[in-house]
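Participant: Following this message is one structure expressed as structure tokens.
A short reminder: the numbers here are calculations on the coordinates, not readings from a lab. All of these numbers come straight from a predicted model, not from anything done at the bench. Ideal geometry is used to build each Cβ from the backbone, glycine not excepted, and the neighbour counts take in all protein chains shown.
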Amino acid sequence: MSDKQREEEWAERISAYLDGEYDEEETISAWLEKDPGAARQYRQYQKISQGLKDLPEPSASSDFMKKIHLEISHQKNTAQRRRRMGVWAAAALLLLSFSWYRYMIIVPSAETPLPDARYASGESEVSIPAPVNRETVETELTEYALWTALKDMPEGISVADTLAQFEDMPIEQLMHSIAEMSWNADDNETFGADRVETWHSWPFTGEDALSDAFIFVETLDTAEISAFNRMLRIVLAEA
Amino acid sequence: MQAFTALVTRYQHPVIRFCYRMTDSMQDAEDIAQETFLRLYGALRNLRPDNAFTTVLFCIARNAALNHLRGRRRHERRVSALEKASAGESSAAGPYEYAQSQDNAALLRKAVAELPAEYREALVLREYNGFDYKEIAEILSCPVGTVRSRLARAREQVRRHLLHYGDDML
């Protein structure tokens with residue numbers, strides 16, 4: 001143990017003894033009686049302690065308590081104001097959220113077409129175009145296509161009668177029936193074997209059925225058209 | 001609020017005394033004491049029966065004082081306060097002359113003010129506020145042995161300071 005460490009230990013013992021916090025007081029008392037240096041140090045510590053206790057007491061200003069009360073009131077008011085502001089902010093946020101939701105759901109977007117000006121002007125009669133019926137269009141086209149093919153029908157055959165029964169027959173069924181008939185009939189020579197085979201192999205189904213039938217009729221020569229018309233009438237009559 | 005007022009009335013002097021010895025400035029001491037009681041007011045609901053009230057109070061005061069001392073212009077404030085004290089309590093103009101004036105009280109105050117904060121708080125709590133080692137250890141959140149050594153070093157530094165600037169007191 002160095003001298004400095006020893007000095008610190010002595011100082012610590014003397015200090016604790018002065019404060020009444022040293023367990024072996026009798027040992028210290030005996031040591032202080034024997035060691036004049038330690039005794040002097042102890043007395044100096046006593047004087048310092050007494051001197052510190054004798055220092056003038058600081059006194060608080062007269063408005064110390066008032067300042068504390070004011071500050072507490074201020075803090076309470078601030079807290080209340082913050083709480084109130086929090087409530088208002090929450091309410092505003094709620095309102096804003098509701099408005100946004102309403103705007104996004106109910107108000108039309110830029111892509112939504114604006115109402116017709118006629119509605120705004122208060123006109124009572126507004127002509128609304130009839131909805132497009134695809135079946136009607138297809139039927140009309142089919143009629144036109146077949147009419148093109150049948151326009152040169154031989155006299156004595158009523159085209160009106162043929163078309164009257166044509167409305168309810170799908171083009172696929174019609175064409176396949178004619179193809180079947182032509183395949184089994186003796187008219188192969190009229191149509192030609194390759195023509196009949198092609199005709200029979202064509203599907204005439206789906207979206208292309210009508211256009212296929214139209215193209216087929218358009219390829220027929222006059223003799224073939226006569227044969228086709230005859231068979232068409234038979235098919236429609238059977239149907 | 002009345003109970004809290006009674007509490008402040010009872011403890012304001014010990015707290016201000018502690019803060020004053022820690023900062024050596026009456027204005028700072030009042031500010032720190034005020035902050036201490038405000039913090040205490042906020043912490044009253046969280047106080048538990050097993051917490052000694054004075055220990056909690058001085059723990060708050062000590063933290064507030066240390067924060068203050070760590071604050072800006074710590075050194076300037078201390079010097080300024082010492083100069084004010086010098087001007088008020090002695091006719092000497094500067095610190096050196098003030099030390100030479102052999103004003104024991106001022107010399108003692110200066111010696112305490114120049115102690116490191118950890119020594120000074122232990123000495124103040126012991127000498128001015130009369131806490132025992134165990135209580136000081138609780139306030140400073142350190143072992144009793146540390147309190148004992150810090151107190152001894154504080155006293156020894158004060159003693160050397162006084163011996164250096166004039167041993168009339170000793």
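Participant: Hey, can you tell me all the residues within segment A:1-41 that are small (Gly, Ala, Ser) and within 24 Å of B:Gly130 (Cα to Cα)? Write out each step before concluding.
Facilitator: To start, the set of residues in segment A:1-41 that are small (Gly, Ala, Ser) comprises A:2, A:11, A:15-16, A:20, A:29-30, A:37-39.
Those that are small (Gly, Ala, Ser) and within 24 Å of B:Gly130 (Cα to Cα): A:Ala11, A:Ser15, A:Ala16, A:Gly20, A:Ser29, A:Ala39.
Participant: Search segment B:118-132 for residues being surrounded by fewer than 21 Cβ atoms within 10 Å (Cβ to Cβ) and over 22 Å from B:Leu170 (Cβ atoms), and hand back the single one that is nearest to the other protein chains (Cβ to nearest Cβ).
Facilitator: B:Asp132
Participant: Another question, then. Would you confirm, using the coordinates I've provided, whether B:Leu115 is within 26 Å of B:Tyr11 (Cα to Cα), under 18 Å from the mean Cα position of the chain (by Cα), of a type in the set (A, V, I, L, M) and more than 10 Å from chain A (Cβ to nearest Cβ)? Break it down stepwise before answering.
Facilitator: Details: within 26 Å of B:Tyr11 (Cα to Cα): yes; under 18 Å from the mean Cα position of the chain (by Cα): yes; of a type in the set (A, V, I, L, M): yes; more than 10 Å from chain A (Cβ to nearest Cβ): yes.
Judged against the criteria, B:Leu115 is a match.
To keep it simple, each residue is scored yes or no on (1) over 14 Å from A:Lys67 (Cα atoms); (2) more than 10 Å from chain A (Cβ to nearest Cβ).
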site: B:Tyr11; (1), (2): yes, yes
site: B:Thr23; (1), (2): yes, yes
site: B:Met26; (1), (2): yes, no
site: B:Asp31; (1), (2): no, no
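Participant: Based on this model, can you work out whether A:Gln41 counts as surrounded by fewer than 20 Cβ atoms within 10 Å (Cβ to Cβ) and over 60 Å from the mean Cα position of the chain (by Cα)?
Facilitator: It is false that A:Gln41 is surrounded by fewer than 20 Cβ atoms within 10 Å (Cβ to Cβ) and over 60 Å from the mean Cα position of the chain (by Cα).
Participant: Please indicate, with yes or no, whether at least one residue in segment B:135-143 is under 12 Å from A:Ser15 (Cβ atoms), assigned to a helix (DSSP H, G or I) and within 11 Å of chain A (Cβ to nearest Cβ).
Facilitator: no
Participant: Are any residues in segment A:38-56 of a type in the set (Gly, Ala, Ser) and more than 8 Å from chain B (Cβ to nearest Cβ), and if so, which ones? Give the derivation first.
Facilitator: Let us first name the residues in segment A:38-56 that are of a type in the set (Gly, Ala, Ser), namely A:38-39, A:49, A:51.
Scanning segment A:38-56 gives A:Ala38, A:Ala39.
Participant: Can you pull out every residue in segment A:63-103 that is of a type in the set (Asp, Glu) and over 20 Å from B:Ala43 (Cα atoms)?
Facilitator: Applying the first criterion (of a type in the set (Asp, Glu)) to segment A:63-103 yields A:63, A:71.
Hit for segment A:63-103 is A:Asp63, nothing else.
Participant: Continuing with this model, one more query. Looking for something of a type in the set (A, V, I, L, M) and surrounded by fewer than 19 Cβ atoms within 10 Å (Cβ to Cβ) - is there at least one such residue anywhere in segment A:2-18?
Facilitator: no
Participant: Could I ask something else about it? Criterion first (out of contact with any strand residue (DSSP E or B) (no Cβ under 9 Å at 6 or more places or on another chain), in contact (Cβ under 8 Å) with a residue 12 or more places away in the chain and within 10 Å of chain B (Cβ to nearest Cβ)) does A:Ser73 satisfy it?
Facilitator: no
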